[in-house]
Amino acid sequence: MKIHPLICKITIFTSMNIQTQEITSPILRSKKIKLFIKRIDLIHPYVSGNKLYKLKYNFIELKKQKKNKVLTFGGAYSNHICATSFLANKNNIKSIGIIRGEQNSQLNSTLEFARKQGMDIHYISRKEYRNKHKPCFIEELKYRYGDFYLLPEGGSNILAVKGTEEIIDDDNSNYICCSIGTGGTIAGIMNASKRNQEIIGFPALKSYLDLQNNIKKWSRRSNLKLEYGYIGNGYAKISKELIKFINTFYNNYNIPLDAVYNGKMMFGIFDLVSKDYFKEGSSILAIHTGGIQGNRGFINRFGIDLPIK
Ligand SMILES: *Cc1c(COP(=O)(O)O)cnc(C)c1O
């Protein structure tokens, strides 16, 4: 990833050296498939994986517009909220997070981190949250908070996609796999992919009506297959089978996976391998988009065992 000088101020991002590791296992060997994992999760514990790519051109634009505040939306455990608060703080930008749902008496680990970065946290009801795209609602927020740079939910917009196009860099795998929230990341990967590559997206949300429209809006390509079979019970629901898979994967490879996105993707990849989805002799690149900070929320809420680093 090329780092823009404005973001270079953050020294941790100046020497980014992104590893791709091979995952070996008896089933991959027997099916003659090579699986690689691109560890963009290692970029930073709180500006993890795809979120730095999504924020990069947005922060450059924010500075160009000489804004000194950024406002965005997310759930209470959102990796996007976490990443935005950190990057804003490092760039001396005030951040405001509009959080879906009721306020708990105590902040969870994600929001606690965001508040420590100086983020102003504002809760709105799930009903109100649905207005997040409406101009009158944004005007109301401007009246309340003053002028700001608006980042939509998940940070997904055309500038985010420009950033996610930099995630893959002249890759020659037959398949590229990535988990999906709003679709901004997969759209960039599609745009940067080669003609003969198949992109496989693993949605993390049960029914995201906007997903297909978003992808159509942001991507010039049509080499995507969506695998809806690994969502489980939805965004923040986690099955015993998935917990077991994540912990086994961690024990075998020492790679932590988050329970919302990458755990489901990797589970899906192994399941598709067992069902002979991939051509014999082919190679797969899986993008590890990060999000490990979110595992803390599951551990604290449900007392389950998940890797945190
Ligand atoms: C936000 C996020 C995604 C989804 O990205 P979209 O661009 O919204 O599709 C995937 N993985 C992790 C870890 C994320 O935090």
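Being more than 18 Å from Y149 (Cβ to Cβ), modelled with pLDDT under 95 and open to solvent by less than 20 Å² (accessible area, probe 1.4 Å) is the filter here; which residues of segment 45-57 pass it?
Residues satisfying the conditions are S48, G49.
Apart from one condition, A88 fits all of (1) touching a residue at least 24 places away in the same chain (Cβ under 8 Å); (2) part of a loop (DSSP other than H, G, I, E, B); (3) of a type in the set (G, A, S); the exception is (2). Considering segment 223-266, the residues that are assigned to a loop (DSSP other than H, G, I, E, B) and hydroxyl-bearing (S, T, Y) include one that is most open to solvent (accessible area, probe 1.4 Å), namely Y235. Among all residue pairs at least 6 apart or on different chains, which show Cβ distances below 6 Å where the first residue, located in segment 137-161, is away from the ligand (no atom under 16 Å from the Cβ) and the second is open to solvent by 30 Å² or more (accessible area, probe 1.4 Å) and modelled with pLDDT of 95 or more? Taking only residues 6 or more apart or on different chains, the pairs are F148/K69; Y149/K67.
Of all residues in segment 12-21, none satisfies being part of a strand (DSSP E or B), over 21 Å from the mean Cα position of the chain (by Cα) and modelled with pLDDT of 55 or more. Where helices (runs of 4 or more DSSP H) sit wholly within segment 135-222, those with at least 1 residues that are in contact with a Gly (Cβ under 8 Å, 6 or more places away or on another chain) and open to solvent by less than 20 Å² (accessible area, probe 1.4 Å) occupy 158-164, 184-192, 210-218. With respect to (1) within 11 Å of the ligand (Cβ to nearest atom); (2) within 19 Å of Q21 (Cβ to Cβ); (3) more than 13 Å from the chain's Cα centre (by Cα), the lone exception for N172 is condition (1).
Scanning segment 247-283 for residues that are aliphatic (A, V, I, L, M) and either within 14 Å of S25 (Cα to Cα) or within 14 Å of the ligand (Cβ to nearest atom) (or both) yields I255, L257, A259, V260, M265, M266, I269, V273.
Scanning segment 241-265 for residues that are closer than 23 Å to G75 by Cα and not acidic (D, E) yields L242, I243, I246, P256, L257, A259, V260, Y261, N262, G263, K264, M265.
Against the conditions (1) within 14 Å of the ligand (Cβ to nearest atom); (2) out of contact with any strand residue (DSSP E or B) (no Cβ under 7 Å at 6 or more places or on another chain), I189 satisfies every one except (2). Taking the numbered list (1) within 14 Å of the ligand (Cβ to nearest atom); (2) surrounded by fewer than 17 Cβ atoms within 10 Å (Cβ to Cβ) in turn, E128 passes all entries but (1).
Count of segment 53-85 residues, restricted to those that are among the small types (G, A, S) and assigned to a strand (DSSP E or B), is 1.
Within segment 280-288, is there a residue that is assigned by TED's automatic domain parsing to the domain that holds K194, open to solvent by 40 Å² or more (accessible area, probe 1.4 Å) and touching a residue at least 40 places away in the same chain (Cβ under 8 Å)?
yes
Filtering segment 106-128 to residues that are under 23 Å from F86 (Cβ atoms) and not hydrophobic (A, V, I, L, M, F, W, C) leaves Q106, N108, S109, T110, E112, R115, K116, Q117, G118, D120, H122, Y123.
The values are calculated or read from the model by the stated rules, or taken from the named source; none is laboratory data. What you see is a predicted model, and the numbers here were worked out from it, not measured in a lab. Every residue, glycine as well, gets a Cβ built from its backbone with ideal geometry; the counts of neighbours run over all protein chains shown. Keep in mind that these areas ignore ligands, DNA and RNA; they rest on the heavy atoms of the full protein, side chains included. Shrake-Rupley method; radii C 1.70, N 1.55, O 1.52, S 1.80 Å.
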